[in-house]
Amino acid sequence: MAFTLYSLIQAAILCVNAVAVLHEERFLSKIGWGVDQSVGGFGDEPGIKVQLMNLVRSVRTVMRGGCPLHVYTNWLV
Amino acid sequence: MRLRNSSMDGSDGSQLFEDTSRAGSGSQTGYRNQQAGPQAAGFPGQSLLSDPMSNLAMAYGSSLASQGREMVDKNLDRFIPISKLKYYFAVDTVYVGKKLGLLVFPYMHENWEVSYQQDTPVAPRFDVNAPDLYIPAMGFITYVLVAGLALGTQNRFSPELLGVQASSALVWLIMEVLAVLLSLYLVTVNTDLTTIDLLAFSGYKYVGMIVGVVAGLLFGKPAYYLSLLWCCVAIFVFMIRTLRLKLLSEAAAEGRLVRGARNQLRMYLTMSIAAAQPIFMYWLTYHLIR
């Protein structure tokens, strides 16, 4: 396979964009990945799902310039 | 005049790169160089030094050069940690020989722990278990060259293909390091593995790939498969034995069976990182041997 660095950068940008457009209320809470469902992992065992939810949330926060309540898209379920 | 000026600058500026090959006598050679510098300058350029204006210009120029160098160093250090990188290249021939032997035959080695010296890991020159970046860097370049050679023997070579091979292998390396970083984050392993360490470990597979491709070029396809199999198993064992000490908890690393979901997850993680190496080795070389 002839991968180039440019295709890697393209793929990375598209993946980060995909994570950034996940809507908090309409989608993540519906499938149980909302940010309010991640508490309860005190101690040293957060678990993979909680880590993944935290990762999604931090990527979204960073991409939006640190404003977590921003209404981004209104057609994405 | 100008030639003599540049030669004098050369003897003073030879300390732009530190000499890490001799730990103790490095400072002494620096001192001796500085002593030899003004003395050598005295003999050929005496007419140059007697002129006060050129003296002033030389002093101003050298101070400007050192200021510029400091600024470049400071700014470059923000993006690429140069001081940390220097640790990974502090190798010597004995270390490289032992490490290459270990990569191809890791079965007799017993003590896999990295020795520390007051909280900092010892330089690779003094400890054969420490990761380095010299072998992966040289292995990568040699792999690109050997790939070009293999393609040339099949009349499929053109100079652009070297760049294609290099960027393709680099992309796979970056993706592997990112995947390992992501999985380390998800499993919340408390480890002192840095990104550069992971880059070094992922780069060790190039040695096995080169051995396989060269054997395939010299002796044909069965030799390629045999040597690749040998190197795959060797690097699998090498990675497991190295990562076991870094990722697993202390009890599990000593071989005792420790129950618990977290330890099991860490064991799976170590296994999958080690198993990804042979897959990549095969993937990146099979198209070179027809």
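One residue is enough: does region B:232-239 have a residue meeting the conditions within 25 Å of B:Tyr87 (Cβ to Cβ), touching a residue at least 24 places away in the same chain (Cβ under 8 Å) and assigned to a loop (DSSP other than H, G, I, E, B)?
Taking every residue of region B:232-239 in turn, none turns out to be within 25 Å of B:Tyr87 (Cβ to Cβ), touching a residue at least 24 places away in the same chain (Cβ under 8 Å) and assigned to a loop (DSSP other than H, G, I, E, B).
Give the number of residues within region B:111-125 that are surrounded by 15 or more Cβ atoms within 10 Å (Cβ to Cβ) and assigned to a loop (DSSP other than H, G, I, E, B).
Total meeting the criteria: 6.
Please count how many residues of region B:161-188 are crowded, with 16+ Cβ neighbours inside 10 Å, facing another protein chain (nearest Cβ under 9 Å), assigned to a helix (DSSP H, G or I) and hydroxyl-bearing (Ser, Thr, Tyr).
Residues in region B:161-188 being crowded, with 16+ Cβ neighbours inside 10 Å, facing another protein chain (nearest Cβ under 9 Å), assigned to a helix (DSSP H, G or I) and hydroxyl-bearing (Ser, Thr, Tyr): 2 in total.
Any residue at all in region B:77-84 that is at pLDDT 85 or above and surrounded by 10 or more Cβ atoms within 10 Å (Cβ to Cβ)?
Checking region B:77-84: not a single residue is at pLDDT 85 or above and surrounded by 10 or more Cβ atoms within 10 Å (Cβ to Cβ).
Does B:Asp197 qualify as being under 30 Å from A:Val50 (Cβ atoms), not in a helix (DSSP H, G or I) and not polar (S, T, N, Q)?
Spelling it out, it is not the case that B:Asp197 is under 30 Å from A:Val50 (Cβ atoms), not in a helix (DSSP H, G or I) and not polar (S, T, N, Q).
What residue, among those in region B:189-214 that are of a type in the set (A, V, I, L, M) and closer than 22 Å to B:Phe79 by Cα, is nearest to the other protein chains (Cβ to nearest Cβ)?
Step by step, filter region B:189-214, then rank; the result is B:Leu199.
How many residues are touching a helix residue (DSSP H, G or I) at 6+ places or on another chain (Cβ under 9 Å), outside any helix (DSSP H, G or I) and free of Cβ contacts under 8 Å to residues at least 60 places away in the same chain when one looks only at region B:126-155?
Total meeting the criteria: 4.
A:Val35 versus (1) more than 19 Å from B:Leu178 (Cα to Cα); (2) surrounded by 15 or more Cβ atoms within 10 Å (Cβ to Cβ); (3) at pLDDT 80 or above: which is the lone unmet condition?
(3)
Restricting the search to region B:58-72, which residues are hydrophobic (A, V, I, L, M, F, W, C) and over 19 Å from B:Ile82 (Cβ atoms)?
Residues satisfying the conditions are B:Met58, B:Ala59, B:Leu64.
Out of all the residues in region B:112-163, which are among the polar types (S, T, N, Q) and modelled with pLDDT of 85 or more?
B:Asn129, B:Thr142, B:Thr153, B:Gln154, B:Asn155, B:Ser158
The values are calculated or read from the model by the stated rules, or taken from the named source; none is laboratory data. All figures in this text were calculated on a predicted structure; none of them were measured in a lab. Cβ atoms come from the backbone with ideal geometry, glycine included; neighbour counts cover every protein chain shown.
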